[in-house]
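The values are calculated or read from the model by the stated rules, or taken from the named source; none is laboratory data. Fair warning: this is a prediction, and the values are worked out from it, not measured in the lab. Methodologically, a virtual Cβ is constructed for each residue, glycine included, from the backbone with ideal geometry; neighbour enumeration extends over all protein chains shown.
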Amino acid sequence: MMWPPPDPKEVSDGNPKIQCSLHDDYCVIAACETCDDRLVCIQCMNSSCFGHTLCNLEEVAERRKQNISCLLRDAEVLAIPKLEVHLNQVRRKRVLLSTHCDDVSRNIRKQAQELKRSVDTICEKLVEECAVFQKRKDDILKTFEDNISKDHAELLDSISKVKNIISSCKLQDILLHEDVISVLSKPQSKTCVPVVAAVWFTPTDVDMVKLNRLFGTMQRSVPISEFEHIPSEVRSICIVGEQAWITCDGNKELYLTNKEGDCVRSIKVYTYSMNQIMDICLGADDSVWVARRDGIMTQLMPHDVREDRFFIGVNATAYSLYVFNDGDIVIGLVEGVFRMRGKLVRYSPKGEVLDRAVRDNDGNLLFSTPNKVRGCDESREIAVVNLDNKGHHSVVILDADMKFKLNFKGKTPFHPSDVCFDSGQNILISDRASMSVMLLDSHGRMCRNLLVTTLAPSAIRIQGNGDLWTGFENGMVRVYKYAP
């Protein structure tokens with residue numbers, strides 16, 4: 001509506017006057033809707049806002065109040081809880097970091113004490129060896145000293161007696177004390193001091209590189225154990241306490257294995273010859289969900305009870321699955337006969353379709369083959385290893401609503417084999433091409449390589465205590481200590 005311009009330079013309706021930002025001598029009297037509710041004075045209305053649609057200040061104040069209320073509500077309901085979650089995560093991570101580094105420092109000091117004790121032992125041994133050498137040689141010298149002292153005393157005594165004989169001038173003494181006089185002409189035996197071999201300590205030059213290697217080094221990933229499962233590529237690992245269920249390519253059997261490589265238990269999933277286990281994931285009550293190639297989702301209960309829960313479709317092939325804490329099951333599948341299309345579908349435990357992800361925000365297909373699907377129970381985000389027929393492999397991250405968040409393509413060549421989240425919502429990716437396990441932050445930014453091996457990793461999973469289980473293409477399994 002057109003606002004009738006008032007005459008006075010200042011208007012007072014009981015509220016404080018607001019000075020116009022363009023005309024210092026005038027106060028605002030209205031708001032210009034055409035200019036996004038800019039506050040205007042009489043001069044503005046006659047110049048820059050002439051002919052524009054105006055409204056009174058009460059109307060624009062009410063609209064702004066509503067907008068501010070919405071912002072306030074969003075801040076209280078959404079922003080504050082989210083920040084509190086992040087704040088708690090940061091504080092928890094700081095505590096874990098402090099505890100972890102304290103343990104590492106204690107281990108370093110313990111190693112220093114062990115090395116000091118070893119050095120002290122070597123020192124005492126050498127000092128004792130020197131003391132034994134000294135005693136042995138000193139005994140030789142003392143024996144010689146005793147003999148010389150005896151000869152010395154005997155000669156002094158003879159000299160004194162002979163002097164007395166000569167000074168007496170008695171013929172009898174000179175003629176009868178031949179034995180005393182003969183001592184003076186007695187040949188002196190062993191007058192040469194024996195030669196004693198010396199001993200020296202030659203310190204070795206301290207090579208700091210060798211010393212550091214001897215003392216120990218700081219490592220980001222430390223192997224705890226290593227064992228060969230079966231001579232076939234490890235496809236999937238499912239952690240249960242201190243043990244893990246392991247399945248390999250082409251295998252129809254699951255093996256529960258400890259960190260020493262001992263098979264604690266095995267379960268055979270009865271399927272026809274052309275079928276195979278595609279993926280496994282831990283469910284509620286320590287049950288294990290199995291995605292079979294024929295599209296049947298099987299739940300393996302304790303005491304070897306097996307139940308086929310639901311079927312995903314005739315022309316669909318299940319490649320991977322993840323079971324959230326609330327029971328929702330996310331399955332990566334490829335459907336179609338001539339025109340194959342990958343998609344991600346969220347099911348209830350009964351097989352009811354709850355949601356699906358097919359295309360990104362621009363309408364492009366998200367997946368060719370969703371080979372591995374892993375979820376984060378804290379953030380509800382989903383990571384998918386997408387293998388492309390043209391070799392453009394990637395890891396796709398979806399948010400809690402199964403909407404596209406980001407696509408990590410790595411450095412060419414890039415061939416991801418598995419993915420998982422750690423307790424800090426960081427993303428771990430095993431890459432066949434670089435034979436490494438990568439660490440990404442929650443925003444998909446590359447942080448570093450956790451480990452680089454001589455074998456191509458094919459499966460990864462993090463244990464509750466932080467140990468990283470890694471399966472390889474030759475059937476080898478290694479367990480590493482992991483700290484992000």
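Looking only at the stretch 183-205, how many residues end up being of a type in the set (A, V, I, L, M), at pLDDT below 75 and surrounded by fewer than 10 Cβ atoms within 10 Å (Cβ to Cβ)?
2
Scan the stretch 463-481 for residues that are surrounded by 18 or more Cβ atoms within 10 Å (Cβ to Cβ) and either closer than 15 Å to Glu242 by Cα or touching a His at 6+ places or on another chain (Cβ under 8 Å) (or both) and report the count.
12
Determine whether Ser168 is of a type outside the set (A, V, I, L, M, F, W, C) and either outside the structural domain of Ala197 (by the TED database) or farther than 30 Å from Ala197 by Cα (or both).
Details: of a type outside the set (A, V, I, L, M, F, W, C): yes; either outside the structural domain of Ala197 (by the TED database) or farther than 30 Å from Ala197 by Cα (or both): yes.
For Ser168, the condition - of a type outside the set (A, V, I, L, M, F, W, C) and either outside the structural domain of Ala197 (by the TED database) or farther than 30 Å from Ala197 by Cα (or both) - is met.
State whether one or more residues within the stretch 365-373 are of a type in the set (A, V, I, L, M), in a loop (DSSP other than H, G, I, E, B), in contact with an Asp or Glu (Cβ under 7 Å, 6 or more places away or on another chain) and on the phi > 0 side of the Ramachandran plot.
Narrowing the stretch 365-373 to residues of a type in the set (A, V, I, L, M): 365-366, 373.
So of that shortlist, the ones also in a loop (DSSP other than H, G, I, E, B) come out as 366.
After this cut, where a residue has to be in contact with an Asp or Glu (Cβ under 7 Å, 6 or more places away or on another chain) as well, the list is 366.
Going one step further and asking which of them are on the phi > 0 side of the Ramachandran plot, we end up with none.
Looking for residues that are of a type in the set (A, V, I, L, M), in a loop (DSSP other than H, G, I, E, B), in contact with an Asp or Glu (Cβ under 7 Å, 6 or more places away or on another chain) and on the phi > 0 side of the Ramachandran plot, one finds none in the stretch 365-373, hence no.
Inspect all residues belonging to the stretch 25-41 and state whether any of them is in contact (Cβ under 8 Å) with a residue 24 or more places away in the chain, among the β-branched types (Val, Ile, Thr) and not in a helix (DSSP H, G or I).
Within the stretch 25-41, one or more residues are in contact (Cβ under 8 Å) with a residue 24 or more places away in the chain, among the β-branched types (Val, Ile, Thr) and not in a helix (DSSP H, G or I).
Considering only the stretch 426-484, state which residues are polar (S, T, N, Q) and closer than 15 Å to Cys248 by Cβ.
Step one: of the stretch 426-484, the residues polar (S, T, N, Q) are 426, 430, 434, 436, 442, 449, 453-454, 458, 463, 465, 470, 474.
Residues satisfying the conditions are Ser458, Thr470, Asn474.
I'd like to check something: does the stretch 409-418 contain any residue that is assigned by the TED database to the domain that holds Glu473 and closer than 16 Å to Leu365 by Cα? Don't jump to the end; show me each part of the working.
Start the filter on the stretch 409-418 by keeping residues that are assigned by the TED database to the domain that holds Glu473, which leaves 409-418.
Within this subset, residues satisfying the condition of being closer than 16 Å to Leu365 by Cα are 409.
The answer is yes; a qualifying residue exists.
Just to check your reading of the model, which residue among Gln66, Gln43, Gln19 is at pLDDT 85 or above, over 30 Å from Asn212 (Cα atoms) and touching a strand residue (DSSP E or B) at 6+ places or on another chain (Cβ under 7 Å)?
Gln19 is the lone residue from the list that is at pLDDT 85 or above, over 30 Å from Asn212 (Cα atoms) and touching a strand residue (DSSP E or B) at 6+ places or on another chain (Cβ under 7 Å).
Sort out which residues of the stretch 294-311 are at pLDDT below 85 and in contact with a strand residue (DSSP E or B) (Cβ under 6 Å, 6 or more places away or on another chain), and write them in order of number.
Arg306, the sole residue that qualifies.
Just a yes or no: is a residue in the stretch 69-86 more than 23 Å from Asn465 (Cβ to Cβ) and in contact with a strand residue (DSSP E or B) (Cβ under 6 Å, 6 or more places away or on another chain)?
Residues of the stretch 69-86 more than 23 Å from Asn465 (Cβ to Cβ): 69-84, 86.
Remaining after also requiring in contact with a strand residue (DSSP E or B) (Cβ under 6 Å, 6 or more places away or on another chain): none.
No, that holds for no residue.
Return only the number of the condition from (1) over 22 Å from Gln463 (Cβ atoms); (2) in a strand (DSSP E or B); (3) of a type in the set (D, E, K, R) that Glu226 does not satisfy.
Every condition holds for Glu226 apart from (1).
Looking only at residues that are aliphatic (A, V, I, L, M) and at pLDDT 75 or above in the stretch 207-237, which one is nearest to Gln111 (Cα to Cα)?
Looking only at the stretch 207-237, we keep the residues that are aliphatic (A, V, I, L, M), and these are 208-209, 211, 214, 218, 222, 224, 230, 234, 237.
Narrowing the set further to residues that are at pLDDT 75 or above leaves 208-209, 211, 214, 224, 230, 234, 237.
Working: Met208: 16, Val209: 17, Leu211: 12, Leu214: 10, Ile224: 18, Ile230: 37, Val234: 36, Ile237: 35 Å.
Applying the filter and picking the extreme gives Leu214.
Of the numbered conditions (1) of a type in the set (Val, Ile, Thr); (2) closer than 20 Å to Gly444 by Cα; (3) over 21 Å from the mean Cα position of the chain (by Cα), Val358 fails exactly one; give the number of that condition.
All conditions pass for Val358, except number (2).
Got at least one residue in the stretch 435-442 being among the charged types (D, E, K, R) and crowded, with 18+ Cβ neighbours inside 10 Å?
Residues of the stretch 435-442 that are among the charged types (D, E, K, R), as a first pass: 441.
Retained after the next criterion (residues that are crowded, with 18+ Cβ neighbours inside 10 Å): none.
For the stretch 435-442, residues among the charged types (D, E, K, R) and crowded, with 18+ Cβ neighbours inside 10 Å: absent.
Among the residues of the stretch 402-433, what is the count of those that are free of Cβ contacts under 8 Å to residues at least 40 places away in the same chain and of a type in the set (D, E, K, R)?
Result for the stretch 402-433: 4.
Within the stretch 406-417, is there a residue that is modelled with pLDDT under 90 and more than 22 Å from Arg359 (Cα to Cα)? Talk me through it step by step, then tell me what you get.
If we filter the stretch 406-417 for residues that are modelled with pLDDT under 90, which is where we start, we get 412.
Subsequent filtering for residues that are more than 22 Å from Arg359 (Cα to Cα) retains 412.
Yes - at least one qualifying residue is present in the stretch 406-417.
Between a residue in the stretch 291-307 that is farther than 19 Å from Ile237 by Cα and any residue that is basic (Lys, Arg) and surrounded by 14 or more Cβ atoms within 10 Å (Cβ to Cβ), which pairs come within a Cβ distance under 9 Å, given they are 6 or more apart or on different chains?
Ile296/Arg309
Of the conditions (1) on the phi > 0 side of the Ramachandran plot; (2) in a strand (DSSP E or B), Gly391 satisfies every one except a single condition; which number is it?
(2)
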